[in-house]
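J.: My questions will all concern the structure given below.
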(Lines give C-alpha, C1' and ligand atoms only; values in the text may rest on other atoms or scores of the structure.)
Protein backbone atom coordinates (compact mmCIF):
# COMPACT_ATOMS: atom_id res chain seq x y z
CA UNK A 1 0.00 0.00 0.00
CA UNK A 2 1.83 3.13 -1.21
CA UNK A 3 1.09 6.69 -2.22
CA UNK A 4 -0.75 5.66 -5.40
CA UNK A 5 -3.63 4.24 -3.31
CA UNK A 6 -6.17 6.89 -2.29
CA UNK A 7 -8.17 6.65 0.91
CA UNK A 8 -11.49 8.46 1.20
CA UNK A 9 -12.38 9.14 4.82
CA UNK A 10 -15.12 10.98 6.70
CA UNK A 11 -14.53 13.74 9.26
CA UNK A 12 -16.98 15.04 11.84
CA UNK A 13 -16.76 18.83 11.92
CA UNK A 14 -19.32 19.29 14.71
CA UNK A 15 -23.00 20.28 14.73
CA UNK A 16 -23.88 17.36 12.45
CA UNK A 17 -21.56 18.34 9.60
CA UNK A 18 -19.61 15.57 7.82
CA UNK A 19 -16.80 16.34 5.38
CA UNK A 20 -14.66 14.03 3.27
CA UNK A 21 -11.04 13.89 2.21
CA UNK A 22 -9.43 11.73 -0.48
CA UNK A 23 -5.72 11.47 0.19
CA UNK A 24 -2.90 9.06 -0.67
CA UNK A 25 -2.32 6.43 1.98
CA UNK A 26 0.71 7.19 4.07
CA UNK A 27 3.05 4.99 6.03
CA UNK A 28 1.60 2.57 8.57
CA UNK A 29 2.36 3.13 12.24
CA UNK A 30 5.20 0.71 13.17
CA UNK A 31 3.85 -2.66 14.26
CA UNK A 32 0.31 -1.99 12.99
CA UNK A 33 -1.61 -3.63 10.14
CA UNK A 34 -3.75 -2.08 7.44
CA UNK A 35 -7.25 -3.21 6.51
CA UNK A 36 -9.66 -2.39 3.73
CA UNK A 37 -12.98 -1.56 5.38
CA UNK A 38 -15.83 -3.82 4.27
CA UNK A 39 -18.53 -2.70 6.74
CA UNK A 40 -18.71 0.00 9.40
CA UNK A 41 -21.94 0.22 11.40
CA UNK A 42 -23.24 3.40 12.98
CA UNK A 43 -23.53 3.42 16.78
CA UNK A 44 -25.58 5.63 19.07
CA UNK A 45 -22.39 6.75 20.79
CA UNK A 46 -21.19 8.21 17.46
CA UNK A 47 -23.87 10.88 17.88
CA UNK A 48 -21.73 12.59 20.52
CA UNK A 49 -18.83 12.93 18.09
CA UNK A 50 -21.19 14.07 15.33
CA UNK A 51 -22.34 16.91 17.57
CA UNK A 52 -18.99 17.87 19.09
CA UNK A 53 -16.62 17.12 16.23
CA UNK A 54 -13.84 14.55 16.25
CA UNK A 55 -10.07 14.79 16.02
CA UNK A 56 -9.86 11.39 14.30
CA UNK A 57 -11.89 9.51 11.69
CA UNK A 58 -14.81 8.02 13.65
CA UNK A 59 -16.41 4.60 13.24
CA UNK A 60 -15.77 1.75 15.65
CA UNK A 61 -17.97 -1.16 14.52
CA UNK A 62 -15.75 -2.40 11.71
CA UNK A 63 -15.28 -5.52 9.61
CA UNK A 64 -12.44 -5.40 7.10
CA UNK A 65 -9.92 -7.39 5.10
CA UNK A 66 -6.21 -7.27 5.92
CA UNK A 67 -4.24 -5.78 3.02
CA UNK A 68 -0.94 -5.29 4.83
CA UNK A 69 -0.15 -7.48 7.80
CA UNK A 70 2.26 -7.06 10.71
CA UNK A 71 3.89 -9.26 13.30
CA UNK A 72 1.17 -10.86 15.41
CA UNK A 73 -1.62 -9.80 13.02
CA UNK A 74 -3.72 -12.07 10.78
CA UNK A 75 -2.33 -12.71 7.31
CA UNK A 76 -3.16 -10.60 4.27
CA UNK A 77 -6.55 -11.52 2.84
CA UNK A 78 -8.03 -12.42 6.24
CA UNK A 79 -11.38 -10.90 7.16
CA UNK A 80 -11.24 -9.39 10.63
CA UNK A 81 -13.25 -7.71 13.34
CA UNK A 82 -11.74 -4.53 14.73
CA UNK A 83 -11.79 -4.93 18.51
CA UNK A 84 -12.30 -1.46 19.97
CA UNK A 85 -10.12 -1.40 23.12
CA UNK A 86 -6.45 -0.75 22.36
CA UNK A 87 -5.33 -2.90 25.26
CA UNK A 88 -1.77 -3.22 26.51
CA UNK A 89 -1.56 -7.00 26.13
CA UNK A 90 0.65 -7.30 29.20
CA UNK A 91 -1.47 -6.70 32.31
CA UNK A 92 -3.22 -9.41 34.32
CA UNK A 93 -6.54 -8.86 32.53
CA UNK A 94 -5.05 -8.96 29.03
CA UNK A 95 -3.06 -12.11 29.75
CA UNK A 96 -6.35 -13.72 30.79
CA UNK A 97 -8.02 -12.63 27.50
CA UNK A 98 -10.10 -10.07 29.40
CA UNK A 99 -8.85 -7.25 27.19
CA UNK A 100 -11.94 -5.15 27.80
CA UNK A 101 -10.74 -4.90 31.42
CA UNK A 102 -7.19 -3.82 30.53
CA UNK A 103 -5.60 -2.10 33.53
CA UNK A 104 -3.88 0.37 31.20
CA UNK A 105 -6.71 1.06 28.78
CA UNK A 106 -6.59 4.64 27.52
CA UNK A 107 -7.59 4.51 23.85
CA UNK A 108 -10.33 3.13 21.64
CA UNK A 109 -10.40 2.62 17.88
CA UNK A 110 -12.59 5.26 16.26
CA UNK A 111 -12.28 7.51 19.30
CA UNK A 112 -8.58 8.15 19.89
CA UNK A 113 -7.35 6.43 16.70
CA UNK A 114 -8.78 6.65 13.18
CA UNK A 115 -11.75 4.37 12.69
CA UNK A 116 -13.82 2.82 9.95
CA UNK A 117 -15.77 5.61 8.25
CA UNK A 118 -13.20 5.34 5.48
CA UNK A 119 -12.02 3.00 2.76
CA UNK A 120 -8.92 1.95 4.71
CA UNK A 121 -7.87 2.06 8.35
CA UNK A 122 -4.90 0.89 10.39
CA UNK A 123 -5.03 -1.05 13.65
CA UNK A 124 -2.67 -2.77 16.09
CA UNK A 125 -2.51 -6.59 15.90
CA UNK A 126 -4.30 -7.08 19.24
CA UNK A 127 -7.36 -5.32 17.81
CA UNK A 128 -7.81 -7.69 14.86
CA UNK A 129 -9.89 -10.86 15.27
CA UNK A 130 -10.38 -13.26 12.33
CA UNK A 131 -13.95 -13.72 11.09
CA UNK A 132 -15.17 -17.25 10.25
CA UNK A 133 -15.69 -17.85 6.53
CA UNK A 134 -19.34 -18.83 6.94
CA UNK A 135 -20.45 -15.53 8.52
CA UNK A 136 -21.07 -12.64 6.08
CA UNK A 137 -19.68 -9.21 6.91
CA UNK A 138 -23.07 -7.59 7.54
CA UNK A 139 -23.78 -10.25 10.18
CA UNK A 140 -20.26 -10.44 11.58
CA UNK A 141 -20.30 -6.72 12.43
CA UNK A 142 -23.04 -7.48 14.96
CA UNK A 143 -20.47 -9.50 16.93
CA UNK A 144 -19.09 -6.20 18.21
CA UNK A 145 -21.32 -3.72 20.06
CA UNK A 146 -24.70 -5.26 19.32
CA UNK A 147 -24.19 -8.97 20.08
CA UNK A 148 -20.87 -8.88 21.91
CA UNK A 149 -21.82 -6.25 24.48
CA UNK A 150 -25.25 -7.84 24.99
CA UNK A 151 -23.89 -11.35 25.43
CA UNK A 152 -21.25 -10.24 27.93
CA UNK A 153 -23.81 -8.40 30.04
CA UNK A 154 -26.17 -11.39 30.06
CA UNK A 155 -23.34 -13.74 31.03
CA UNK A 156 -22.38 -11.48 33.94
CA UNK A 157 -26.03 -11.19 34.96
CA UNK A 158 -26.48 -14.96 34.91
CA UNK A 159 -23.68 -15.33 37.46
CA UNK A 160 -25.83 -13.49 40.00
CA UNK A 161 -28.70 -15.98 39.63
CA UNK A 162 -28.07 -19.52 40.91
CA UNK A 163 -30.38 -21.12 38.34
CA UNK A 164 -29.45 -18.77 35.52
CA UNK A 165 -31.73 -16.15 33.97
CA UNK A 166 -35.27 -17.44 33.50
CA UNK A 167 -37.21 -14.19 33.24
CA UNK A 168 -35.76 -11.11 31.52
CA UNK A 169 -37.13 -7.67 30.74
CA UNK A 170 -35.35 -5.42 28.25
CA UNK A 171 -36.14 -1.72 28.76
CA UNK A 172 -35.27 0.27 25.66
CA UNK A 173 -35.43 -1.21 22.14
CA UNK A 174 -32.70 0.68 20.35
CA UNK A 175 -29.98 -1.30 18.54
CA UNK A 176 -28.34 -2.58 21.72
CA UNK A 177 -31.66 -3.36 23.39
CA UNK A 178 -32.74 -5.34 20.36
CA UNK A 179 -29.36 -7.04 20.46
CA UNK A 180 -30.03 -8.05 24.07
CA UNK A 181 -33.39 -9.51 22.97
CA UNK A 182 -31.79 -11.51 20.15
CA UNK A 183 -28.90 -12.77 22.29
CA UNK A 184 -31.20 -13.71 25.18
CA UNK A 185 -33.32 -15.81 22.84
CA UNK A 186 -30.21 -17.34 21.27
CA UNK A 187 -29.00 -18.26 24.76
CA UNK A 188 -32.29 -20.00 25.45
CA UNK A 189 -33.61 -17.68 28.18
CA UNK A 190 -37.22 -18.94 28.53
CA UNK A 191 -39.10 -15.67 29.07
CA UNK A 192 -37.90 -12.53 27.30
CA UNK A 193 -40.05 -9.40 27.51
CA UNK A 194 -39.40 -5.93 26.14
CA UNK A 195 -40.67 -2.40 26.55
CA UNK A 196 -40.14 0.84 24.69
CA UNK A 197 -42.33 3.96 24.47
CA UNK A 198 -41.82 3.88 20.70
CA UNK A 199 -44.36 1.37 19.38
CA UNK A 200 -42.37 0.75 16.20
CA UNK A 201 -39.25 -0.19 18.17
CA UNK A 202 -41.31 -2.39 20.47
CA UNK A 203 -42.77 -4.10 17.40
CA UNK A 204 -39.22 -4.95 16.27
CA UNK A 205 -38.56 -6.64 19.62
CA UNK A 206 -41.74 -8.67 19.14
CA UNK A 207 -40.65 -9.58 15.62
CA UNK A 208 -37.43 -10.94 17.09
CA UNK A 209 -39.44 -13.10 19.50
CA UNK A 210 -39.88 -11.02 22.67
CA UNK A 211 -43.20 -10.48 24.44
CA UNK A 212 -44.31 -6.87 24.85
CA UNK A 213 -44.46 -5.84 28.52
CA UNK A 214 -47.85 -4.34 29.36
CA UNK A 215 -47.49 -3.58 33.08
CA UNK A 216 -44.64 -1.23 33.94
CA UNK A 217 -46.03 -0.27 37.35
CA UNK A 218 -46.32 -3.40 39.50
CA UNK A 219 -43.14 -4.04 41.48
CA UNK A 220 -41.17 -7.31 41.70
CA UNK A 221 -42.06 -8.73 38.28
CA UNK A 222 -38.75 -9.64 36.65
CA UNK A 223 -35.76 -11.65 37.79
CA UNK A 224 -33.38 -9.61 35.60
CA UNK A 225 -33.97 -6.23 33.97
CA UNK A 226 -31.65 -4.98 31.23
CA UNK A 227 -31.92 -1.16 31.19
CA UNK A 228 -30.60 -0.11 27.81
CA UNK A 229 -31.81 3.47 27.32
CA UNK A 230 -29.93 5.36 30.03
CA UNK A 231 -32.99 7.56 30.61
CA UNK A 232 -33.89 8.45 34.21
CA UNK A 233 -37.50 7.19 34.01
CA UNK A 234 -36.34 3.89 32.48
CA UNK A 235 -33.79 3.40 35.26
CA UNK A 236 -36.46 4.11 37.85
CA UNK A 237 -38.77 1.56 36.23
CA UNK A 238 -36.03 -1.07 36.23
CA UNK A 239 -35.44 -0.52 39.94
CA UNK A 240 -39.16 -1.02 40.65
CA UNK A 241 -39.72 -3.98 38.37
CA UNK A 242 -36.78 -6.14 39.46
CA UNK A 243 -37.47 -8.91 41.97
CA UNK A 244 -35.71 -9.03 45.35
CA UNK A 245 -32.50 -10.96 44.73
CA UNK A 246 -32.64 -10.13 41.04
CA UNK A 247 -30.27 -8.08 38.91
CA UNK A 248 -30.31 -4.88 36.89
CA UNK A 249 -28.01 -4.82 33.88
CA UNK A 250 -27.13 -1.12 33.60
CA UNK A 251 -26.24 -0.91 29.89
CA UNK A 252 -27.80 2.41 28.94
CA UNK A 253 -25.31 5.26 28.64
CA UNK A 254 -26.12 8.74 29.89
CA UNK A 255 -24.37 11.85 31.11
CA UNK A 256 -26.53 11.70 34.23
CA UNK A 257 -25.29 9.79 37.30
CA UNK A 258 -26.75 6.37 38.01
CA UNK A 259 -28.76 6.90 41.20
CA UNK A 260 -30.19 4.29 43.57
CA UNK A 261 -33.49 5.46 45.11
CA UNK A 262 -33.65 6.30 48.82
CA UNK A 263 -37.00 4.54 49.30
CA UNK A 264 -37.99 2.01 51.97
CA UNK A 265 -38.42 -0.73 49.38
CA UNK A 266 -34.99 -0.17 47.88
CA UNK A 267 -33.34 -0.08 51.30
CA UNK A 268 -34.98 -3.42 52.11
CA UNK A 269 -34.27 -5.15 48.77
CA UNK A 270 -31.41 -7.41 47.81
CA UNK A 271 -30.41 -6.58 44.25
CA UNK A 272 -27.37 -6.89 42.02
CA UNK A 273 -26.47 -3.98 39.76
CA UNK A 274 -24.23 -5.08 36.90
CA UNK A 275 -22.31 -2.61 34.76
CA UNK A 276 -20.30 -4.10 31.91
CA UNK A 277 -18.11 -2.76 29.13
CA UNK A 278 -17.90 -4.38 25.70
CA UNK A 279 -16.78 -8.05 25.84
CA UNK A 280 -13.60 -10.06 26.47
CA UNK A 281 -11.81 -11.91 23.69
CA UNK A 282 -12.40 -15.15 25.62
CA UNK A 283 -16.09 -14.95 24.62
CA UNK A 284 -15.58 -14.44 20.87
CA UNK A 285 -15.97 -18.08 19.80
CA UNK A 286 -19.20 -18.48 21.76
CA UNK A 287 -20.48 -15.25 20.23
CA UNK A 288 -19.91 -16.62 16.71
CA UNK A 289 -22.22 -19.51 17.59
CA UNK A 290 -24.89 -17.08 18.81
CA UNK A 291 -24.58 -15.14 15.57
CA UNK A 292 -24.94 -18.28 13.49
CA UNK A 293 -28.31 -18.99 15.06
CA UNK A 294 -29.82 -15.48 15.37
CA UNK A 295 -27.54 -12.97 13.63
CA UNK A 296 -29.10 -13.04 10.16
CA UNK A 297 -32.59 -12.54 11.60
CA UNK A 298 -31.40 -9.54 13.61
CA UNK A 299 -29.63 -8.09 10.55
CA UNK A 300 -32.77 -8.45 8.44
CA UNK A 301 -34.88 -6.87 11.19
CA UNK A 302 -32.84 -3.78 12.07
CA UNK A 303 -30.00 -3.11 9.61
CA UNK A 304 -29.90 -0.86 6.53
CA UNK A 305 -26.95 -0.71 4.09
CA UNK A 306 -25.79 2.76 3.02
CA UNK A 307 -22.89 4.46 1.27
CA UNK A 308 -19.92 6.25 2.83
CA UNK A 309 -20.64 9.28 0.64
CA UNK A 310 -24.14 9.49 2.16
CA UNK A 311 -22.91 9.42 5.77
CA UNK A 312 -24.32 12.82 6.80
CA UNK A 313 -27.76 11.97 5.44
CA UNK A 314 -27.53 8.51 7.01
CA UNK A 315 -26.88 10.05 10.42
CA UNK A 316 -29.84 12.40 9.94
CA UNK A 317 -32.12 9.45 9.26
CA UNK A 318 -30.54 7.55 12.17
CA UNK A 319 -31.15 10.47 14.54
CA UNK A 320 -34.72 10.81 13.27
CA UNK A 321 -35.36 7.14 14.03
CA UNK A 322 -35.98 6.15 10.42
CA UNK A 323 -32.93 3.87 10.51
CA UNK A 324 -32.44 1.53 13.47
CA UNK A 325 -28.95 0.20 12.71
CA UNK A 326 -27.51 1.57 9.45
CA UNK A 327 -24.10 0.51 8.22
CA UNK A 328 -21.66 1.69 5.61
CA UNK A 329 -20.74 -0.85 2.97
CA UNK A 330 -18.39 -0.59 0.01
CA UNK A 331 -20.20 -3.38 -1.85
CA UNK A 332 -23.03 -2.87 -4.32
CA UNK A 333 -26.35 -2.07 -2.59
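J.: Is segment 250-258 home to any residue that is modelled with pLDDT of 95 or more, in contact with a strand residue (DSSP E or B) (Cβ under 8 Å, 6 or more places away or on another chain) and in the same structural domain as residue 108 (by TED's automatic domain parsing)? Show your work before the answer.
T.: Within segment 250-258, the subset modelled with pLDDT of 95 or more is 250-251.
Among the residues that remain, those that are also in contact with a strand residue (DSSP E or B) (Cβ under 8 Å, 6 or more places away or on another chain) are: 250-251.
Those left that are additionally in the same structural domain as residue 108 (by TED's automatic domain parsing): none.
No, segment 250-258 contains no residue that is modelled with pLDDT of 95 or more, in contact with a strand residue (DSSP E or B) (Cβ under 8 Å, 6 or more places away or on another chain) and in the same structural domain as residue 108 (by TED's automatic domain parsing).
J.: Any chance you could count how many residues in segment 1-28 are farther than 21 Å from residue 130 by Cα and either without any contact (Cβ under 8 Å) to a residue 24 or more places away in the chain or surrounded by fewer than 16 Cβ atoms within 10 Å (Cβ to Cβ) (or both)?
T.: Residues flagged as farther than 21 Å from residue 130 by Cα and either without any contact (Cβ under 8 Å) to a residue 24 or more places away in the chain or surrounded by fewer than 16 Cβ atoms within 10 Å (Cβ to Cβ) (or both) within segment 1-28 amount to 19.
J.: Give me the residue from segment 282-314 that is touching a strand residue (DSSP E or B) at 6+ places or on another chain (Cβ under 9 Å) and more than 17 Å from residue 141 (Cβ to Cβ) and, out of that set, surrounded by the most Cβ atoms within 10 Å (Cβ to Cβ).
T.: 312
J.: Something else now. Can you tell me which residue among 179, 188, 209 is touching a helix residue (DSSP H, G or I) at 6+ places or on another chain (Cβ under 8 Å), under 26 Å from residue 325 (Cα atoms) and surrounded by fewer than 17 Cβ atoms within 10 Å (Cβ to Cβ)? So that I can check it myself, show each step before the final result.
T.: Details: 179 fails: surrounded by fewer than 17 Cβ atoms within 10 Å (Cβ to Cβ); 188 fails: touching a helix residue (DSSP H, G or I) at 6+ places or on another chain (Cβ under 8 Å).
Residue meeting the stated conditions: 209.
J.: Continuing with this model, one more query. Restricting attention to segment 246-272, which residues are in contact (Cβ under 8 Å) with a residue 24 or more places away in the chain, more than 20 Å from the chain's Cα centre (by Cα) and either within 19 Å of residue 161 (Cβ to Cβ) or in a loop (DSSP other than H, G, I, E, B) (or both)? First the steps, then the outcome.
T.: Applying the first criterion (in contact (Cβ under 8 Å) with a residue 24 or more places away in the chain) to segment 246-272 yields 246-254, 256, 259, 261, 265-266, 269-272.
Then drop every residue that is not more than 20 Å from the chain's Cα centre (by Cα), which leaves 246-247, 256, 259, 261, 265-266, 269-272.
Those that are in contact (Cβ under 8 Å) with a residue 24 or more places away in the chain, more than 20 Å from the chain's Cα centre (by Cα) and either within 19 Å of residue 161 (Cβ to Cβ) or in a loop (DSSP other than H, G, I, E, B) (or both): 246, 247, 256, 259, 261, 269, 270, 271, 272.
J.: Scan (1) in contact with a strand residue (DSSP E or B) (Cβ under 8 Å, 6 or more places away or on another chain); (2) surrounded by fewer than 21 Cβ atoms within 10 Å (Cβ to Cβ); (3) under 20 Å from residue 18 (Cα atoms) for the single condition residue 55 breaks and write down its number.
T.: (1)
J.: Give the residues of segment 16-60 that are under 20 Å from the mean Cα position of the chain (by Cα), over 15 Å from residue 144 (Cα atoms) and assigned to a loop (DSSP other than H, G, I, E, B), sorted by residue number.
T.: Result: 54, 56, 57, 58.
J.: Of the residues 309, 293, which single one is in contact (Cβ under 8 Å) with a residue 40 or more places away in the chain and more than 22 Å from residue 149 (Cα to Cα)?
T.: Values: 293 fails: more than 22 Å from residue 149 (Cα to Cα).
When all the criteria are applied, what remains is 309.
J.: So, one more: Right, residue 104: buried (at least 16 other Cβ atoms within 10 Å of the Cβ), farther than 23 Å from residue 330 by Cβ and either in the same structural domain as residue 295 (by TED's automatic domain parsing) or modelled with pLDDT of 95 or more (or both) or not? Walk me through it before giving the result.
T.: On the way: buried (at least 16 other Cβ atoms within 10 Å of the Cβ): no; farther than 23 Å from residue 330 by Cβ: yes; either in the same structural domain as residue 295 (by TED's automatic domain parsing) or modelled with pLDDT of 95 or more (or both): yes.
It is false that residue 104 is buried (at least 16 other Cβ atoms within 10 Å of the Cβ), farther than 23 Å from residue 330 by Cβ and either in the same structural domain as residue 295 (by TED's automatic domain parsing) or modelled with pLDDT of 95 or more (or both).
J.: Tell me which residues, restricted to segment 116-126, are touching a helix residue (DSSP H, G or I) at 6+ places or on another chain (Cβ under 9 Å) and farther than 16 Å from residue 77 by Cα. Give the derivation first.
T.: Restricting attention to segment 116-126, the residues satisfying the condition of being touching a helix residue (DSSP H, G or I) at 6+ places or on another chain (Cβ under 9 Å) are 117-119, 126.
Matches in segment 116-126: 117, 118, 126.
Per-residue answers, yes or no, for (1) in the same structural domain as residue 85 (by TED's automatic domain parsing); (2) crowded, with 23+ Cβ neighbours inside 10 Å:
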{"position": "121", "(1), (2)": "yes, yes"}
{"position": "134", "(1), (2)": "yes, no"}
{"position": "137", "(1), (2)": "yes, no"}
{"position": "140", "(1), (2)": "yes, yes"}
{"position": "156", "(1), (2)": "no, no"}
{"position": "162", "(1), (2)": "no, no"}
{"position": "167", "(1), (2)": "no, no"}
{"position": "170", "(1), (2)": "no, yes"}
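J.: Restricted to segment 232-241, and to residues that are closer than 22 Å to residue 268 by Cβ and touching a residue at least 60 places away in the same chain (Cβ under 8 Å), which residue is surrounded by the fewest Cβ atoms within 10 Å (Cβ to Cβ)?
T.: We begin by selecting, within segment 232-241, every residue closer than 22 Å to residue 268 by Cβ; these are 235-241.
Subset that is touching a residue at least 60 places away in the same chain (Cβ under 8 Å): 237-238, 241.
Numbers: 237: 20, 238: 28, 241: 24.
Looking at residues that are closer than 22 Å to residue 268 by Cβ and touching a residue at least 60 places away in the same chain (Cβ under 8 Å), I get 237.
J.: Check segment 59-71 and report whether any residue there is surrounded by 20 or more Cβ atoms within 10 Å (Cβ to Cβ) and either modelled with pLDDT under 95 or farther than 16 Å from residue 116 by Cβ (or both). Lay out the reasoning, then the answer.
T.: Of segment 59-71, the ones surrounded by 20 or more Cβ atoms within 10 Å (Cβ to Cβ) are 59-64, 66.
Keeping just the survivors that are either modelled with pLDDT under 95 or farther than 16 Å from residue 116 by Cβ (or both) gives none.
No, every residue in segment 59-71 fails to be surrounded by 20 or more Cβ atoms within 10 Å (Cβ to Cβ) and either modelled with pLDDT under 95 or farther than 16 Å from residue 116 by Cβ (or both).
Yes/no matrix, rows are residues, columns are (1) in contact (Cβ under 8 Å) with a residue 60 or more places away in the chain; (2) under 14 Å from the mean Cα position of the chain (by Cα); (3) farther than 25 Å from residue 231 by Cβ:
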site	(1), (2), (3)
152	yes, yes, no
156	yes, no, no
163	no, no, yes
171	yes, no, no
186	yes, no, yes
189	no, no, no
192	no, no, no
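J.: Here is a further query. Test residue 77 against the criterion of being modelled with pLDDT of 95 or more and part of a loop (DSSP other than H, G, I, E, B), and give yes or no.
T.: Values: modelled with pLDDT of 95 or more: yes; part of a loop (DSSP other than H, G, I, E, B): yes.
So residue 77 fits the description; yes.
J.: Looking at (1) modelled with pLDDT of 95 or more; (2) surrounded by 12 or more Cβ atoms within 10 Å (Cβ to Cβ), which is the one condition that is false for residue 244?
T.: (2)
J.: How many of the residues in segment 212-231 are crowded, with 19+ Cβ neighbours inside 10 Å and either over 21 Å from the mean Cα position of the chain (by Cα) or in a strand (DSSP E or B) (or both)?
T.: Qualifying residue count, segment 212-231: 7.
The values are calculated or read from the model by the stated rules, or taken from the named source; none is laboratory data. Only a predicted model underlies this, so the values are computations on that prediction, with no experimental measurement involved. When we count neighbours, we look across all protein chains shown, and the Cβ atoms used for this are built from the backbone with ideal geometry, even at glycine.
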